[in-house]
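Enquirer: Mind having a look at this structure? Questions to follow.
The values are calculated or read from the model by the stated rules, or taken from the named source; none is laboratory data. Only a predicted model underlies this, so the values are computations on that prediction, with no experimental measurement involved. For neighbour counting, all protein chains shown are included, and Cβ atoms are generated from backbone atoms with ideal geometry for every residue, glycine included. These accessible areas exclude ligands, DNA and RNA; they are computed on the full protein's heavy atoms, side chains included. Shrake-Rupley method; radii C 1.70, N 1.55, O 1.52, S 1.80 Å.
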Amino acid sequence: MKNITYLILTSLLSINLVYAGCGSCKVSKNKVAILGDQNFVTTIAEDGAVSGLVQASCGMCNFSMKSQKECNLAIQIGEKSYLVQGTKMSEHGDAHAKDGMCNAIRVANVVGSVKDGVFFADSFDLQKN
């Protein structure tokens, strides 16, 4: 009986760790920005250069980056998501606000390059709603 109780508790704890987020996010998956007819970057140049409009948000909360165990700024180009280096979510407002990066997918005008699956930002301007 004791072993069964430990097994159940261990299983519940494991499931909770797998499906839990950062803990402070009350993610609603709202898409605050109107993504409509804007011309988004959909491919990366051969040299890795990226310049233009991209979707930006929390990689773990909104872009399903399963390898992430905490909230981090990410962009999406086409169907692939990339972590961002050179700026942080905290530099673009409260991540847990109604229109924050953990609760919304926003639009950013970026200049930079992708190397080894990471976007290195030279410029990152979050667009107004």
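Enquirer: Identify all residues within segment 89-129 that are among the polar types (S, T, N, Q) and under 15 Å from the mean Cα position of the chain (by Cα); write none if there are none.
Expert: Just the residues of segment 89-129 that are among the polar types (S, T, N, Q), to begin with: 90, 103, 109, 113, 123, 127, 129.
Matches in segment 89-129: Ser90, Asn103.
Enquirer: Taking the stated definitions as given, is Gln76 over 16 Å from Asp125 (Cβ atoms) and polar (S, T, N, Q)? Talk me through it step by step, then tell me what you get.
Expert: Values: over 16 Å from Asp125 (Cβ atoms): yes; polar (S, T, N, Q): yes.
So Gln76 fits the description; yes.
Enquirer: Would you pick out the residues in segment 84-93 that are assigned to a strand (DSSP E or B) and open to solvent by 40 Å² or more (accessible area, probe 1.4 Å)?
Expert: Initially, segment 84-93 is screened for residues assigned to a strand (DSSP E or B), giving 84-85.
Result: Gln85, single match.
Enquirer: For segment 99-125, which residues satisfy the criterion of being of a type outside the set (Gly, Ala, Ser) and within 21 Å of Ser64 (Cβ to Cβ)?
Expert: Looking only at segment 99-125, we keep the residues that are of a type outside the set (Gly, Ala, Ser), and these are 99, 101-103, 105-107, 109-111, 114-116, 118-120, 122, 124-125.
If the condition is that a residue be of a type outside the set (Gly, Ala, Ser) and within 21 Å of Ser64 (Cβ to Cβ), then Asp99, Met101, Cys102, Asn103, Ile105, Arg106, Val107, Val110, Val114, Asp116, Val118, Phe119 are the ones that fit.
Enquirer: Specify the residue that is least open to solvent (accessible area, probe 1.4 Å); the eligible residues are those in segment 47-83 that are at pLDDT 90 or above and among the polar types (S, T, N, Q).
Expert: Ser57
Enquirer: Next question, about the same structure. Any residue at all in segment 94-115 that's open to solvent by 80 Å² or more (accessible area, probe 1.4 Å) and part of a strand (DSSP E or B)?
Expert: Looking for residues that are open to solvent by 80 Å² or more (accessible area, probe 1.4 Å) and part of a strand (DSSP E or B), one finds at least one in segment 94-115, hence yes.
Enquirer: Here is a further query. Would a scan of segment 27-43 turn up a residue that is at pLDDT 90 or above, within 18 Å of Phe124 (Cβ to Cβ), surrounded by 10 or more Cβ atoms within 10 Å (Cβ to Cβ) and of a type in the set (S, T, N, Q)?
Expert: Scanning segment 27-43 turns up no residue that is at pLDDT 90 or above, within 18 Å of Phe124 (Cβ to Cβ), surrounded by 10 or more Cβ atoms within 10 Å (Cβ to Cβ) and of a type in the set (S, T, N, Q).
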